[in-house]
1. Determine, from the Cβ-Cβ distance of E209 and T174 and an R0 of 25 Å, the FRET efficiency 1/(1 + (r/R0)^6), rounded to the nearest 0.05.
2. Given R₀ = 25 Å, FRET efficiency for W87-N121 by Cβ-Cβ distance, to 0.05?
3. May I ask you to compute the full-extension gain from H97 to R22, defined as 0.36 nm times their residue separation minus their alpha-carbon distance, rounded to one decimal in nm?
4. With a point put 7 Å past each Cα toward its Cβ, work out how far Q259 is from R184 in nm, to one decimal.
5. Taking all protein chains in place and a 1.4 Å probe, what share, in percent, of the accessible surface of the range 165-252 do carbon and sulfur account for?
6. Would you work out if the range 168-278 is rounded, prolate or oblate? Take a ≥ b ≥ c from the square roots of the eigenvalues of the alpha-carbon gyration tensor; rounded if a/c is under 1.5, else prolate when a/b is larger than b/c, oblate otherwise.
7. How much accessible area per residue does the range 192-258 have, counting only protein heavy atoms and a probe of 1.4 Å, in square angstrom?
8. Excluding same-chain residues fewer than 8 positions from K160, which lysines have a Cα within less than 30 Å of its Cα?
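The values are calculated or read from the model by the stated rules, or taken from the named source; none is laboratory data. Keep in mind the model is a prediction, meaning the values are calculated, not measured. Reconstructed Cβ throughout: ideal geometry from the backbone, glycine too, with neighbour counts over all protein chains shown. For accessibility, only protein heavy atoms count, side chains too; no ligands or nucleic acids. Shrake-Rupley method; radii C 1.70, N 1.55, O 1.52, S 1.80 Å.
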Amino acid sequence: MATAMANPGYLSPENWWTSARRPAPLAWRALFTELTIGASAEQWGLAAGLYIIHHHRRHDEGPTIRDVFSHLFPDTNGLPSLSAEDWARKDLNLARHRFWTAVIVVWRRLGYVQHEVGVPNSLHAGRRVLALVARDERIGAMAGEPASADSDAITRAAMKASLTPEQAVIRLRTSRRYLDRVTRAGFLHAVALAPNEMRYPMWQFSAGEGKPVVDGVSLIVSSIPSDWTLPRIHRFFTTPTWHLKSNRRSQTPTRWLSQGRDPLHVAILLEGYQYDIS
């Protein structure tokens, strides 16, 4: 296990759990460790940073700490578990506040978030997140508008690699009403070609049995710039990049996702094209 010396951001459960009447529940201790140590801390910290970026874009202000944890753990209202402990509401609220605050402190030290103590909605993405989403000139070709000489060919390829709503309904074995609902909610990605013409790019659909879409679609949809055309989206998702490597080979975002790899890396690449880090 990592130690305080090996990881300057590390806090043990004893640092945040101060109740003398009972020990910290096992689920809370385990999740605190997962959120604050090693590779898992990086994954959760980056996920929190991207959510903060998306919240700023939608609301022109940072989320609350409760917003962040409710987003990361929607099934438990932001808690490590729906504990069966017989807690008074006051004790539960205090434990929750201390848990959230302690994790944010670690993430701030590790560079995933910025936060001014006591200032509402002051959460911002930290330096490590911003360094990853910063535009890299070497991947500029992934998202540029196709040159005029290639435009027709890429447009045809983009149309071929996308579904109409009717085709999406058949592929997903659902109804048009449900398709529209999950699209509006950001769980599927659709591109408007005209007021009454939509296309669903193929990058998001999975060929796996019992798994209609790839993991992390909603995270990626939130990171796709709203002004990108269908050809531009197609070009991004079908261009190999060294940022997505598997077995030492550069992968396209589409192949990366089809292999079940972390969608967070694709979302981070996309953020480089629309997040102002100045």
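1. Working: r = 17 Å, r/R0 = 0.67.
Efficiency computed from Cβ-Cβ geometry: 0.90.
2. Values: r = 28 Å, r/R0 = 1.13.
Working from the Cβ atoms, E equals 0.30.
3. Details: separation 75, 0.36 × 75 = 27.00 nm, distance 1.69 nm.
Roughly 25.3 nm would be gained on extension.
4. For Q259 paired with R184, the spin-label model returns 3.8 nm.
5. Numbers: 2530 of 5220 Å².
For the range 165-252, the apolar C and S fraction of the accessible surface comes to 48 percent.
6. On the way: a/c = 1.93, a/b = 1.27, b/c = 1.52.
Oblate, since a/c reaches 1.5 and b/c is not below a/b.
7. On the way: 3570 Å² over 67 residues.
Computed with neighbouring chains in place, this is 53 Å² per residue.
8. List returned: K211, K245.
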